[in-house]
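Every read-out reported here was derived from the displayed coordinates using simple, explicitly stated rules and does not represent laboratory data. Quantities reported herein were computed from a predicted structural model and do not represent experimental measurements. A quick note on method: Cβ atoms are made from the backbone with ideal geometry, for glycine too, and the neighbour counts reach across all protein chains shown.
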Amino acid sequence: MKNMSLDKKRLANMVLKLLKDEYQSTGPFLDWTNPLELLVAVSLSAQCTDKRVNEVTEKLFKKYKSPLDYANANKDDLEKLIYSTGFYKNKTKNLIGMGKIIVEKFNSIVPNNFEELQEIPGVGKKTAAIILSNAFNKNISVAVDTHVKRLVNLIGIVESNNVEKIRLSLNKYLESKNYAVFNEYLITHGRAVCVARKPQCIKCVLVNICKNNRD
Ligand code: SF4
């Protein structure tokens, strides 16, 4: 069991190095200039492309600049503005709830704490990890999204569909300074080469170490 864990740790770090060499840099995927904007952009990115989120937030951020603006937002106006990101009713409810809790509980400042961030409607561990690493330079956890979940299983770094198990395993295998970039490189690779409908293994820099090709 111990050796298996060591192998997976080595594999995770080899993947990181190979993807770093391949892509050099990643992102930024979303446009933002402060923690509140990042929080809003990440909330809108659920089931939506980053390109579409950036188009929407370009207008949104001109009108809504503070947590109070979201807390006091007119539901219909906000729904109309974010409609094209999908699931707009739920996202609107979360954005207004987000504004309210930040105003009422956090003194109108986006919290920079993993647990407190998760008190905000719609914010789970994945979003909290992204906010902390990008907006506050705090590396608390790998953010496990659909790309990360799919690729780490294909490659063989973890064998689980349980997001929490994946998150804890990756946090153990990687150095904390690499938590954010690991997520970003896997997203980049999942979009460019290891695409969900048909992974392009023939073009993949991970072909010699990927479980999908070792079986
Ligand atoms: S070898 Fe194929 S399955 Fe494995 S990471 Fe690359 S593209 Fe994905």
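Odds and ends about this structure:
- Helix axis angle, 163-173 relative to the chain longest principal axis, alpha carbon, degrees: 60
- Seen against the Cα atoms of the chain and their longest principal axis, helix 35-44 is set at about 70 degrees.
- Over all directions, the projected convex hull of the C-alpha atoms in the stretch 35-136 averages 5.5 nm² in area.
- Measuring nothing but alpha carbons in the stretch 60-206 and taking Rh as the Kirkwood radius, the Rg to Rh ratio lands at 1.04.
- Farthest toward the positive end of the dipole of the chain, out of C48, L30, C204, is the Cα of C204, where the dipole comes from beta carbon charges about the Cα centre.
- Between the helical axis of 50-63 and the longest alpha-carbon principal axis of the chain there is an angle of about 20 degrees.
- Segments 115-127, 131-143 sorted - mean Cβ within 10 Å per residue, highest first: 131-143, 115-127
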